[in-house]
Amino acid sequence: AAQDPAAPPACILARDSYRTVLALADLEEILAHVCRVKRLSVDLETTSLNAAAADIVGVALAAPGMVPAYVPLTHTYLGVPKQLPVEAVLQALAPVLGDVRIGKVGQHIKYDSVVLARAGVALRGIVDDSLVAAYVVDPVRPSFSLDALSRDLLGHATLTYSDVCGSGKNKRGFDSVELAQATAYAAEDADVALRLCDALAPQLQAAGGQKIYRDIEMPLVEVLAAMEARGVLVDVAHLRRLHEEFGRRLAVIEEQAFSMIGHPINLDSPKQLAQLFFVELGYVPEKKTKTGFSTDQGVLENLAKSHALPQVILQHRLLTKLRSTYVDALPRMVLKDSGRVHTHYNQAGTATGRLSSADPNLQNIPIRSDDGRRIRSAFVAPPGWRLISADYSQVELRLMAHLSEDEAFVEAFIRGEDIHARTAREILGNLEASDAEKRRRAKAINFGILYGLSEFGLARQLHIPRAEAHAYISAYFARYPRIRGYLDDTIEKGRRLGFVATLTGRRRYLPNLRSHNGNLRQAAERIAMNTPIQGSAADLIKMAMLTVHLQLAERKLQARLILQVHDELVVEAPADEVDAVTDLLRQAMSQVMPLRVPLDVEVGVGENWADAH
């Protein structure tokens, strides 16, 4: 339980007690103590939030039994005291930071690991991360920032970055902060991270999260740091060509729209579109926002069922988004010294355990559209190398078969059947539609059941009457009765225990399963049905990442894991290692978690990501 925020922060040293290190002998004294206690909290102050481009401004260190310290390196304000040379400090730190016998801890320590790697220093022996620990304990916590965790768990209000660097027009770089204030801020961060890790240990135990934390999440920190540091090569010339082509296509779409409207408007303006649709053309509005009638994606999709113009607007909106989000943005994210983009993987970004990524967000590139594939083709292998993509096939449905133990579902996967085609035959057999349309509907039903979709939601998704959707769902559960039983049991167990869990024991607490508010309770029930499946899939891909990373190193291959998106891993490998890596991926990923059904891994090779997938 969190301490009373009003209580004195007895466990935190007064900020003016922290130590500024300006002599090499003092640093060596600190490092000798660290070698004795075998535990070190590290926090870097840098020039950038982008770890792959950041330079070190200073290093904060904290360990049990010592006064936390800050070693300034490159502060540049007028009158700054003489600081230790960067090379001398890194040379002194390297043996300690690289010693796996000394446990390293921090808050979001992956960032520090990537920055240190850029400076030529390996950070090994990472054992605790307060952000990751807090995430395992409670994945739906409103904030995992050091400031929020310190306030909630230690009852201590930390100095914030804006406290020392300002904000808005007055914001300055950390290298301009006076050493006394820089020490108070940086050393406190290292101190608090160390104390948070200690405070979270019993909470991890109580939440049943120790095994996931120790066996999956903490080892993954080093794997993700290596992936972020390496990055992926980008063909900027290809993106420039796409920019020109997308521009020409947008101009054609605009002319088509203007011809249908009768006059030009700004197609990117929700206000002008609302005026056009609901005033000039008299379309029936669906929902209203604070600024007027909505023209969001869902509204446009519904309008497009009855009118041609909204479909054209949807095409324009999608192409505009792809161009601005990827085609135009990716070249700006390429680091000049590497020619690569270095996406940031967030371990605490989703409630289910899934990784999310940013700068760039690789999860949202459309997989099945031609334009999405052409954007993926901008991610390339260096000359003489290849990209190898390994993707789990229908992993969440396979997990549902395993968890529910439904004999028909399990048998279908063991026999290697197309599960959507089988569902189409058994549920939609008399439907007057093409096989392709039947399979499309069956796929929507399979995944709809998985995500707790209601008959109303299924009807809306398939554009069919609600009664027909009800009949499909009823027929589905009649054919696969143990799936219905498993989902009901999961909800009931979650209501009794207060949480649901994945196959590895990752918990998600759902107090609203007991809510008297019907809407809140039903939303929690949908989450309860899906979390064990989606969360187990998240654990599975993380375990696969750990196994692949380890086996590539053990076999002394040059190939390296560089991307993880959805259920897919991408490895960059020299051409002469392709066969070995392909076999490694298929074998390692298919055996990482024993299930009642086989894990099917589809592997492809190419000179770019699109060709490999």
Exercise. So what's the angle, to the nearest 10 degrees on a 0 to 90 scale, between helix 24-37 and the longest Cα principal axis of the chain?
Worked result: 60 degrees
Seminar exercise, completed: Computed on Cα atoms only, the convex hull of segment 436-556 has an orientation-averaged projected area in nm² of 10.2 nm²
For this session: Evaluate the distance, in nm, between pseudo-label points positioned 7 Å from the Cα of Ala206 and of Arg141 along their respective Cα→Cβ axes.
Result: 1.3 nm
Problem set entry | Percent RCO, i.e. relative contact order, over segment 545-613, from Cα pairs under 8 Å lying at least 6 residues apart | 22 percent
Exercise. What list of ³J(HN,Hα) couplings, whole Hz, do you get for segment 574-584 from phi and the Karplus terms 6.51, -1.76, 1.60, once you set θ to phi - 60° and write x for glycine and proline?
Worked result: x, 4, 6, 9, 4, 4, 5, 5, 4, 5, 4
Problem set entry | Förster-model FRET efficiency, 35 Å R0, Arg332 and Ala408, C-beta, rounded to 0.05 | 0.10
For this session: Answer rounded, prolate or oblate for segment 436-492, using the Cα gyration tensor with square roots of eigenvalues a ≥ b ≥ c: rounded when a/c is under 1.5, else prolate when a/b is larger than b/c, else oblate.
Result: prolate
For this session: With a 1.4 Å probe and all protein chains in place, put Trp385, Trp609 in order of accessible area, largest first.
Result: Trp385, Trp609
For this session: May I have the convex hull volume per residue, in Å³, for the Cα set of segment 346-423?
Result: 163 Å³
Seminar exercise, completed: Taking Cα atoms only, Rg over Rh for the chain with Rh from the Kirkwood formula is 0.99
Exercise. How much accessible surface area, in Å² rounded to 10, belongs to the heavy atoms of Asp43 with a 1.4 Å probe?
Worked result: 20 Å²
For this session: Can you sort Cys35, Cys165 by 1.4 Å-probe accessible area, starting with the largest?
Result: Cys35, Cys165
Seminar exercise, completed: Protection proxy (average C-beta count within 10 Å per residue), highest first, orders 542-553, 425-436, 129-140 as 129-140, 542-553, 425-436
Seminar exercise, completed: If the chain between Glu280 and Asp55 were fully extended at 0.36 nm per residue, the gain over the current Cα-Cα distance would be 75.4 nm
For this session: Using Cα pairs closer than 8 Å and at least 6 residues apart in sequence, work out the relative contact order for segment 76-193, in percent.
Result: 25 percent
Problem set entry | Whole-percent carbon and sulfur share, accessible surface of segment 327-475, 1.4 Å | 50 percent
Problem set entry | Estimated FRET transfer efficiency (Ala304, Asn170; beta-carbon r; R0 35 Å; 0.05) | 0.15
Problem set entry | Chain lengthening between Arg479 and Thr160 when straightened (0.36 nm per residue, less Cα-Cα) | 109.1 nm
Problem set entry | Over the chain, relative contact order from alpha-carbon pairs under 8 Å, at least 6 apart, % | 14 percent
Problem set entry | Cα→Cβ-extended label distance, 7 Å offset, between Leu550 and Ala471, nm | 5.2 nm
For this session: Could you do me a favour and compute the accessible area per residue for the chain, 1.4 Å probe, result in Å²?
Result: 45 Å²
Exercise. How do Thr490, Thr291, Thr74 stack up against each other in accessible area, from largest to smallest, with a 1.4 angstrom probe?
Worked result: Thr291, Thr74, Thr490
Seminar exercise, completed: Once all protein chains are kept in place, His566 shows an accessible area at probe 1.4 Å, nearest 10 Å², of 70 Å²
Exercise. Rounded, prolate or oblate: which one fits segment 151-209, using the alpha carbon gyration tensor with axes a ≥ b ≥ c (rounded when a/c is under 1.5, else prolate when a/b beats b/c, else oblate)?
Worked result: prolate
For this session: Would you please give the FRET efficiency between Thr291 and Lys321, computed as 1/(1 + (r/R0)^6) with r the Cβ-Cβ distance and R0 = 22 Å, to the nearest 0.05?
Result: 0.60
For this session: Round to the nearest 10 and give me the degree value, 0 to 90, for the angle of helix 309-322's Cα axis relative to the longest principal axis of the chain.
Result: 30 degrees
For this session: Give me the percent of the accessible area of segment 184-233 that comes from carbon and sulfur atoms, probe 1.4 Å, all protein chains in place.
Result: 53 percent
Exercise. So which aspartates and glutamates pass the test for Lys290, namely a Cα distance under 19 Å, with those fewer than 8 places away in the same chain ruled out?
Worked result: Asp268
Exercise. Under the rule of -39500 (n - 2.57) per DSSP H run of 4 or more residues, summed and divided by the residues of the chain, what mean residue ellipticity at 222 nm is obtained, to the nearest 500 deg cm²/dmol?
Worked result: -15000 deg cm²/dmol
Exercise. Ser474 accessible area, nearest 10 Å², 1.4 Å probe?
Worked result: 50 Å²
Problem set entry | Global geometry of segment 180-243, whether rounded, prolate or oblate, following the gyration tensor of its Cα atoms and the 1.5 cut on a/c | oblate
Problem set entry | Spin-label pair Ala88/Ala122, simplified geometry with 7 Å Cα→Cβ offset, distance in nm | 2.7 nm
Problem set entry | Nearest 10 degrees, 0 to 90: helix 86-97 Cα axis against the chain principal axis | 70 degrees
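The values are calculated or read from the model by the stated rules, or taken from the named source; none is laboratory data. If you're wondering where the values come from, they're calculated on a predicted model, not measured in any experiment. With ideal geometry, Cβ positions are generated from the backbone for all residues, glycine too; neighbour counts draw on all protein chains shown. To get the accessible areas, we keep the full protein, side chains included, count just its heavy atoms, and leave off ligands, DNA and RNA. Shrake-Rupley method; radii C 1.70, N 1.55, O 1.52, S 1.80 Å.
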